[in-house]
Structures are given as C-alpha cells and as structure tokens.
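S.K.: Structure incoming, see below.
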Amino acid sequence: MGLTDNIKRALFTRGGVHPPANKLAASVKISDGPNPERVLIPLTQHVGSPCEPLVEKGEKVLVGQKIGDSEAYISAPVHASVSGEVASIAKFTHPSGRDALAVEIISDLEDTPAEGIAPAPDPLGMEPGDIRARVREGGIVGMGGAAFPTHVKLNPPSDKRIELLIVNGAECEPYLSADYRLMVERAQDVLHGARIISRAVGAERIVVAIEQTSPAAISAMRDAAGSGGEEVFTLPAVFPQGAEKTLIKTITGRDVPSGKLPMDVGALVDNVGTCAAVSELFLTGMPLVKRIVTVAGDGVTGRGNLRVKVGTLVRDVIDHCGGLEGGLGQVILGGPMTGLSQYTLDVPVTKATGGIVVLSKESIISEEPGHFTCIRCGRCVRHCPMNLMPYLLGSYSDAGMWEELESVYINDCVECGCCAYICPTKNPLVQLIKVGKEGYSRRKRKMETLKKDKEEKSLEESNA
Amino acid sequence: MPEEPLEKEQETEEIEAPPASAEAPARMLSIGVSPHIRDKDTTTGIMGWVILALLPVTVYGIYMGGLSAFIVVLMSIVGAVATEAGIQRLRHMPVTILDLSAVLTGLLLGLTLPPKLPFWIPLLGGAVAIALGKQIFGGLGHNIFNPALVGRAVIFVSYSKYMTTSYLATPKAPLITSQSIKAINSVTGATPLAAQGLVRKGELTISASRYYKPLLFGNPWGCIGEVSAVLILVGLAVLLYKGLVDWRIPVCYVGTVVILSWILGMDPLFAALAGGLLIGACFMATDYVTNPMTAWGKVIFAVGCGVMTTILRFYSNLPEGVMFAILFMNGLTPLIDRYVRPVPYGVRALRRMEAEAEKLGDAA
C-alpha cells in the first residue's frame, strides 16, 4: 500500500466500517468442546424446508445417523451428533428466537459411529452428480452463517457457467476466529474441500480470499496451495468484507446484479468452514455433526475455538469455557454485527453457529433513541457497502411509508449493520429496515391480491 | 388445617423457585437487534468536537475584539440555548440543550457578528436562529436552513446600521503592525471586500496583496470569527482529521470562488481569504442538517455556494455574499437529495443483464 493509495482510500472510498476486531481467541488452538449428556438437534438448521424426523422417541441412534430429512430440493438432512437414545421430538427454543421442532437425544457418552460411514475413495475423480449427492446426504450447509444447503449451490442451472470458486476466508465479524484457526491449522483440508467443490461445478479457478489482518492464514494457505494453482487473494480489512456480494466485487470487480445470484457473474462463494466440512465428509464419511465455534467476549471467563457437536446447548459450551463472568450480559450467536442475541442459554448450537459472543453488562448498548432521530450526518450513506441510503430506508419504515421503500431499493439491503453501527444518534436502522422489508412485502402481496380480485371481478362482469 | 401450611409452602416455593432454578437467570439475558456493538461517536460528541475546532478562532477573536466581542459571543449562545430550552418546554418535549447543538448554533452566530454590537442584538439573533431557524421545523435534523445563518440574516436585514459599522477601529493583533493597518485604513476606511469593489470601479488603488497578512493573522475589519484565516484552517484540519466533515464542501466551495474571482479579475488568494468565505465554507456549509447527503450532492451544493457567493460579491449591493449564498443552497438541498442518489450495488449490473437478455431475445 503506497501513500497515494492511502490518500485515495481516505478521500474516496466508501462502504464498510472498522469495528474493533477483538479477536480474543485468534491465538487459541482449536480444541474439543464439551461432551454433552443431552443434545437438542433442530430439524431446521438451514435455509429451506424443515426436515421430517426419521426417528421415534425411545429409538437408539448412533453418531452420524440421519435423523431428519425432507423431500424438498432446498433442504439438508440432519444427523445425530452423539450416540444414545431419543428422549423426545418436540418444540424447543431455536436460535432464531422462535420455537422449532428438535430431536432431543440423551447421550450414552460412547460416541459410537453409525454403520456405513466410510470415506470416498477418490473424490476428485468422482462425477459431479455423485459429489452433489454425497454432499446432500452429508447434510452440508453454508457454514458462514447463512446455512444455505451446499448441494443446491453445487447444482447451477445448465445455462450458468461457474468459472471461479471463491473460498471465503474473510472473517470480518469482530471476535470470531473459527475460520482463521481452520485455515492456520487445517489449510490442506480447506483446499481439499475447495477442490472437490470446484470439481462438482467445473470451476477452473480457485481463489482463497483472506483479509490482510490474518498474515498467518495467508501464509498457511499459500504453503498449502504450493504449486496447486490455487490463488490466495489478500483483502482489505473492512466489515463486511466477507459478505458474498462485497467479496465478489473486491475480487472480480463485478457487481452481482440486484436480486440475482453469484452464479450470474460466474462465481461461487463458499466459506472455508464449508470447504473443510466437505473435505471431512469425503475423507472420513462422517456427515456434518460438529462445527468449530469461537467462544469469546468480556462476559465469559474463558475463550477458545471449540469443535462443538451440533445440538450442544450454549449453556454447556459456556460452562466448558468457565462460565459467565460478571453476571448476565448478552449472549450472541454469530458475530456482534449480524448475530442473533439469545434470551436463554438453553438453545442449541446449530450448523450455522460460528461463534458464541458473550458481552458483559457494561458492554451492552444502552443508549437508543425512543424514536427515529436523524441529524443527516450522511455517515450511513457513506458507509453502506450496498450504496443505499439507509437514513431514507429508516425514516420511510418508521413512518410506515411501505410503498416508498421500493424506490430506495430496500430489498438490496443485506442487513450488515454498518449504518446502525456508525450512526451517531444510535438509530436502530437495521431493526427499522427489517420491519420495512416485512411491511413492504406484505403491502405488495396485498396489492397483488387486490389486483387479482379486481381482474376476476371485471372478468365476471364482462362474462355476465 | 394441615392443608394450609402445605399450600403456603408450595406458594413460597413457587415464588422462590425461579431464581434458584437454572431457567430463571437465563431468561434475564439482554436481547437486542443486531448490530450489538456501536461506534463511539455520538451527536453530543460531534457537536463538542466542532465547538473545540472553533475554539482557536473564537479565543483569538475575543482577544482582538475585547470584552464587547466576548459579550456578543456569550449573548448569542445564551439566546440560542435559552430559546431551545424554552420551546422544548412549551412543546412538552425532552429538553436537549445538553447535546450542545444549540450551543454550537449560538457560537457560530456569534462568530459571524461584528465585535462591537450592542448586547441585545446577538441575544435576539440567537433566539431567532433557534426559533425560526430550527425549532419551527421540528428541531435538530429537520431544519432546511442553517439556523445560525437564519439568525444572522434576520438581524443583518433588521439592524443593518449596527451590522455594518460595529467593527474594530484599532487593531490589536500580535503579528500585525498597527502601522500597516493604519496605512490601509487611511487609504480606504472600508472593509477589504468593499475596498476591492472600489478598486474594480477605478475609484481606488490599493493592491489586494497588502491585505494578505492581516487576513491570515489578524483581520480588524471582519466579524469575530473572521479574524484569522489560519486559525479557521486549523479548525478545519481538526474536523477533517476526526472525519466529521466531508472535504468536498470546503474544497469545492473555496475552489469555485477562487476560480471565478480570478476569471473576473480579482486576486484569487484575496478572494479566498477575505470576508466570511472561509468560516462559511468550513463551518456553515458543512452543517450536517442543511447540506446534501451524498458525495456528489455535496459537490453540487458547494459549487453552487461558490457561484452564488461570487455573483453576490461582484454584482450586488452587498459587499459579501457567503451568508445568502449558503442559505440559497440550503433551500436547494432537498431537491439535490432527491435527484442525486447513489446507484445501489448491482442495479447497473441488473440493467445491463436485462439489456443483454433483450438483445438475445430480439436476435432469436
């Protein structure tokens, strides 16, 4: 970075914010998480249709045994992460805040693997269709937080060609370091998984994208790539650098068309965690039953990057790290910029949980205006990575002007939180935008039904 | 009878049980919508920094203007803050004078007034600034025009006699020899901009470069905040360093005035330093509420301010045009904000994609 680059950036660059990184656990090696006696495995851990339970109460299950699946295309099966007995299939608190159906398993603490779990002999020689089928059966979803079923992403329509696979190692959320540790400790696995994925979609080019603030990960991935042809791309450290659309723009210089998918610009983005999970699935045959979770924050005694069994309660993970410190604060699943805060510790870790961030009472934001106040400082406009006008989104939503929201492109908002983070009056912009999206789509549906009714009516009249 | 204590026991158990059980404390966790962390900057903090950035020029202006200058600044702040509190009381709203925005408005007003005004004029100006400039629109963030300039405009029009004559007679500036000021004064007796107006008409011959040093370090002909261009630039440097103002506004505003003045035959450096241009471009035009939200909007706004200032300076009865130029462009800001908007990520790409698809469809 030359001086002119720095000046250029200071004067003209827009989009993104720089929250304090607080990567407290970045230097802590990945270790095994708790061995819980009871797990709650939600049947919805992905974007798409919920799974139907495949087991019954009282049934014995083994590690890696499929316990839920769905006929729907956009869905991913779930597997038992412990061996033991199904205690119940009922509604439990889900990290999304709603109650959702989950399979409760009482572990026998033996971790007996299910039968038929075997490695794939030559994954890089497999047919794309077979890779997809195996990925689907393995229950693999996007591990960056969105949890979109990976097998769907690996199956682009025939008119779309994917040339570039971007392995997303940009862990731009503060506190989180699970992806970083994965790249440092298991670079080969990440690359192996990326190669399998690129084989499935026919991508010729693999780019591993890592923020410049993670030199250890950059060198580990470079060493692992060796002469393999994979490139390592150094990203500027800005939030939300790891957001799919921002990432594609940085690497290819191209925008993903509004409302379209990365495949429309010939790209596929997969998180390093997803790549490692794919690699593990083909190397051992074990479906996705564990994931790496960063535990950090000033409200928890310990810190670390733990290999946690899916379905383990957040309470058990926090206890494993020494428990809460300084009373009850805020527990966030995911990172502090986009994660979901939980009202209870009795929620399970799911395939999408990349972090458990515990903020102490003192760190919780307390000041927030009772109503929408804006001093028009323009920071939200300057920092919006999607080039939107967040203050307008917020004020239209606050005023209930749903029809106006289309003209300010509300559906292009990715809810990264930069606007609310940077707002000096502390407006809850993301909340207003979420409400606005709901209000806008509800109004749109209503208008459509009204139009339909009117058309039917006029049709009837003309028939009469 | 034995049933009763049992019932009571159950009752107490029910009341005491929740805190003892594992469930209860967990339910007391705080929840909120993301993002769960926020930047440290607040409205009050920003206002405080702007006030701090104005301090060097304020202190120097008061030093030069003496007690009367201090009273002018103080009275405009008092007028502004008292009016803000009074109106918020009347409207049964929370009184927000502690956010420092009214203090800043009062200070800015005071800095644009001549140092020898009678005390009641700045007091009135401060009251008008807040009442008609800000609160009548709904308070902070809702006003169209820069409140300090609204206050100044009202008293400028109402008490023009005071406003044009209450300048310092004898300068008191450390870096300027009073002889040099006296030498200039003996030729003109007018403010620099007015003198240059006469120069253009051929009625006077005094070189613009003779004004450089006083304008930079100790200007006796100006308002309290116009005493030193250097100190205003120091304040601007603070604002830019803290990232509180967009560089486009001062740069484009002053740049436009300099270029146009040069074309019209005025010394460009003199055009930049004289009058209220610098304090206007650095502290008035950059007011968050009354300038456009987008980068290009700010450029249009600033260039517009520069054009208007030059027009007023050269072709009106007024010696100076910064105040009305900024107020004029404030009025255009909603329009600029309506038409100058960033194109969101992916919208151009979508249009391109649709155009291509259409072409393909036509071909087929």
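S.K.: Given the criterion closer than 22 Å to A:A147 by Cα, of a type in the set (S, T, N, Q) and within 13 Å of another protein chain (Cβ to nearest Cβ), identify the matching residue among A:S258, A:S279.
M.R.: Answer to the check: A:S258.
S.K.: Does A:S83 satisfy the criteria of being more than 30 Å from A:R199 (Cα to Cα), among the hydroxyl-bearing types (S, T, Y) and either out of contact with any Phe, Trp or Tyr (no Cβ under 8 Å at 6 or more places or on another chain) or crowded, with 19+ Cβ neighbours inside 10 Å (or both)?
M.R.: So A:S83 fits the description; yes.
S.K.: Search region A:433-464 for residues being among the hydrophobic types (A, V, I, L, M, F, W, C) and part of a helix (DSSP H, G or I), and hand back the single one that is surrounded by the most Cβ atoms within 10 Å (Cβ to Cβ).
M.R.: So, considering only residues that are among the hydrophobic types (A, V, I, L, M, F, W, C) and part of a helix (DSSP H, G or I), the one surrounded by the most Cβ atoms within 10 Å (Cβ to Cβ) is A:I433.
S.K.: Restrict the check to region B:339-347 and report whether at least one residue is exposed (fewer than 12 other Cβ atoms within 10 Å of the Cβ) and of a type in the set (D, E, K, R).
M.R.: no
S.K.: Can you find a residue that is crowded, with 21+ Cβ neighbours inside 10 Å, of a type in the set (G, A, S) and outside any helix (DSSP H, G or I) anywhere in region A:184-196?
M.R.: No.
S.K.: Does at least one position in region B:336-351 carry a residue that is within 16 Å of the chain's Cα centre (by Cα), under 18 Å from B:I144 (Cα atoms) and in contact (Cβ under 8 Å) with a residue 40 or more places away in the chain?
M.R.: No.
S.K.: I would also like to ask the following. Check B:L113, B:L117 and return the single one that is in contact (Cβ under 8 Å) with a residue 60 or more places away in the chain, under 22 Å from B:L277 (Cβ atoms) and part of a loop (DSSP other than H, G, I, E, B). Spell out the reasoning first.
M.R.: Numbers: B:L117 fails: in contact (Cβ under 8 Å) with a residue 60 or more places away in the chain.
That would be B:L113, the only listed residue that is in contact (Cβ under 8 Å) with a residue 60 or more places away in the chain, under 22 Å from B:L277 (Cβ atoms) and part of a loop (DSSP other than H, G, I, E, B).
S.K.: If you check B:V254 against the conditions, is it away from every other protein chain (no Cβ under 14 Å) and either within 23 Å of B:P147 (Cα to Cα) or hydrophobic (A, V, I, L, M, F, W, C) (or both)?
M.R.: yes
S.K.: Next up: Looking at region B:22-35, which of its residues are at the interface with another protein chain (Cβ under 7 Å from one of its Cβ atoms) and either modelled with pLDDT of 90 or more or assigned to a helix (DSSP H, G or I) (or both)?
M.R.: B:P25, B:A26, B:P35
S.K.: Then there is this: Looking at region A:399-422, which of its residues are at the interface with chain B (Cβ under 9 Å from one of its Cβ atoms) and within 17 Å of B:R338 (Cβ to Cβ)?
M.R.: A:V408, A:Y409
S.K.: Any chance region A:223-235 includes a residue that's touching a strand residue (DSSP E or B) at 6+ places or on another chain (Cβ under 6 Å) and either within 23 Å of A:A352 (Cα to Cα) or part of a helix (DSSP H, G or I) (or both)?
M.R.: no
One line per residue, one yes/no per condition, for (1) within 14 Å of chain A (Cβ to nearest Cβ); (2) touching a residue at least 60 places away in the same chain (Cβ under 8 Å); (3) part of a helix (DSSP H, G or I); (4) surrounded by fewer than 18 Cβ atoms within 10 Å (Cβ to Cβ):
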{"position": "B:R210", "(1), (2), (3), (4)": "no, no, yes, yes"}
{"position": "B:P214", "(1), (2), (3), (4)": "no, no, yes, no"}
{"position": "B:P220", "(1), (2), (3), (4)": "no, yes, no, no"}
{"position": "B:G225", "(1), (2), (3), (4)": "no, yes, yes, no"}
{"position": "B:L233", "(1), (2), (3), (4)": "no, no, yes, yes"}
{"position": "B:L236", "(1), (2), (3), (4)": "no, yes, yes, no"}
{"position": "B:D246", "(1), (2), (3), (4)": "yes, no, no, no"}
{"position": "B:P250", "(1), (2), (3), (4)": "yes, no, yes, no"}
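S.K.: For residues that are among the aliphatic types (A, V, I, L, M) and assigned to a loop (DSSP other than H, G, I, E, B), scanning just region A:65-83, find the one that is farthest from the chain's Cα centre (by Cα). Walk me through it before giving the result.
M.R.: Filtering region A:65-83 down to residues among the aliphatic types (A, V, I, L, M) leaves A:67, A:72, A:74, A:76, A:78, A:80, A:82.
Filter once more, so that each one left must be assigned to a loop (DSSP other than H, G, I, E, B): A:72, A:74, A:76, A:80, A:82.
Numbers: A:A72: 21, A:I74: 16, A:A76: 15, A:A80: 21, A:V82: 24 Å.
For region A:65-83, the residue satisfying everything is A:V82.
S.K.: Of the residues in region B:64-107, how many are under 30 Å from B:P214 (Cα atoms) and within 14 Å of chain A (Cβ to nearest Cβ)?
M.R.: 2
Residues are listed down the side, and each one gets a yes or a no for (1) surrounded by fewer than 22 Cβ atoms within 10 Å (Cβ to Cβ); (2) of a type in the set (A, V, I, L, M); (3) free of Cβ contacts under 8 Å to residues at least 24 places away in the same chain:
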{"position": "A:G339", "(1), (2), (3)": "no, no, no"}
{"position": "A:T344", "(1), (2), (3)": "yes, no, no"}
{"position": "A:L392", "(1), (2), (3)": "no, yes, yes"}
{"position": "A:Y421", "(1), (2), (3)": "no, no, no"}
{"position": "A:Q431", "(1), (2), (3)": "yes, no, yes"}
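S.K.: When A:P19 is evaluated against the numbered criteria (1) away from every other protein chain (no Cβ under 14 Å); (2) surrounded by 16 or more Cβ atoms within 10 Å (Cβ to Cβ); (3) assigned to a loop (DSSP other than H, G, I, E, B), which criterion, by number, is the only one it fails?
M.R.: (1)
S.K.: Give region A:114-145 a look and list any residue that's in contact with a His (Cβ under 9 Å, 6 or more places away or on another chain), assigned to a loop (DSSP other than H, G, I, E, B) and closer than 21 Å to A:E244 by Cβ, or say none.
M.R.: The answer is A:I140, A:G142.
S.K.: Still on this structure: Only one of B:G331, B:G321 is more than 14 Å from every other protein chain (Cβ to nearest Cβ) and modelled with pLDDT under 90. Can you tell me which?
M.R.: Exactly one of B:G331, B:G321 is more than 14 Å from every other protein chain (Cβ to nearest Cβ) and modelled with pLDDT under 90, namely B:G321.
S.K.: Could you please let me know if A:L388 is touching an Asp or Glu at 6+ places or on another chain (Cβ under 9 Å), crowded, with 22+ Cβ neighbours inside 10 Å and closer than 30 Å to A:I318 by Cα?
M.R.: Numbers: touching an Asp or Glu at 6+ places or on another chain (Cβ under 9 Å): yes; crowded, with 22+ Cβ neighbours inside 10 Å: yes; closer than 30 Å to A:I318 by Cα: no.
No: the conditions fail for A:L388.
The values are calculated or read from the model by the stated rules, or taken from the named source; none is laboratory data. Computed from a predicted structure; not experimentally measured. Backbone-built Cβ (ideal geometry, glycine too); neighbour counts: all protein chains shown.
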